[in-house]
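Participant: I have a structure here, written as structure tokens, and I will follow up with some questions on it.
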């Protein structure tokens, strides 16, 4: 049973998942680069996070994979850039991961996929990653809706 959601708290998919969790008072946190660095500027203090000793995004992405039982990665389309790196980190750490292409799956199907993924892999801490807002301006809303919907039924 899912007990916590973590992410790198970056703009887009990461923060959408955290905002949805916070809306449900569901436990959430994550590792972020030193200085609470995001592409939008420093992460506001309202978010509970651990800062890395480095300011590098890949380091915090890897740390979130390590501290989770599994990772779901949201994109519109194929894995590239940071999300592709996260899938590689999961493989390196022998952690289960799921890619959800929001261009292919709607909210209901995505919730169904995540539910099966969490159940089959006995995930208690889920890392949520995906495209940042600068790479995909449409990513926030559907990720929020998927995590919100999941937590309504399973949170």
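The values are calculated or read from the model by the stated rules, or taken from the named source; none is laboratory data. As the structure is a prediction and not an experimental result, all values here were calculated from the model. Note that each Cβ is placed from the backbone with ideal geometry, even for glycine, and that neighbours are counted across all protein chains shown.
Participant: Do the conditions hold for residue 54, that is, is it under 15 Å from the mean Cα position of the chain (by Cα) and at pLDDT below 95?
Facilitator: Details: under 15 Å from the mean Cα position of the chain (by Cα): no; at pLDDT below 95: yes.
In short, no.
Participant: Take the residues of the range 16-32 that are more than 13 Å from residue 126 (Cα to Cα) and surrounded by 24 or more Cβ atoms within 10 Å (Cβ to Cβ): which is modelled with the lowest pLDDT?
Facilitator: Ranking the candidates gives 32 first.
Participant: I would also like to ask the following. If I filter the range 105-125 down to residues being in contact with a strand residue (DSSP E or B) (Cβ under 8 Å, 6 or more places away or on another chain) and part of a loop (DSSP other than H, G, I, E, B), which single residue comes out as nearest to residue 77 (Cα to Cα)? Explain how you work it out, then say what you get.
Facilitator: Within the range 105-125, the first condition is being in contact with a strand residue (DSSP E or B) (Cβ under 8 Å, 6 or more places away or on another chain), and the residues that meet it are 110, 113-114, 117-118, 121, 123-125.
Filter again for part of a loop (DSSP other than H, G, I, E, B), leaving 123-124.
Values: 123: 25, 124: 27 Å.
So, considering only residues that are in contact with a strand residue (DSSP E or B) (Cβ under 8 Å, 6 or more places away or on another chain) and part of a loop (DSSP other than H, G, I, E, B), the one nearest to residue 77 (Cα to Cα) is 123.
Participant: Then there is this: Which residues, counting only those in the range 99-124, are within 17 Å of residue 69 (Cα to Cα) and surrounded by fewer than 21 Cβ atoms within 10 Å (Cβ to Cβ)?
Facilitator: Within the range 99-124, 99, 113, 115, 116, 117, 119, 120, 121, 122, 124 qualify.
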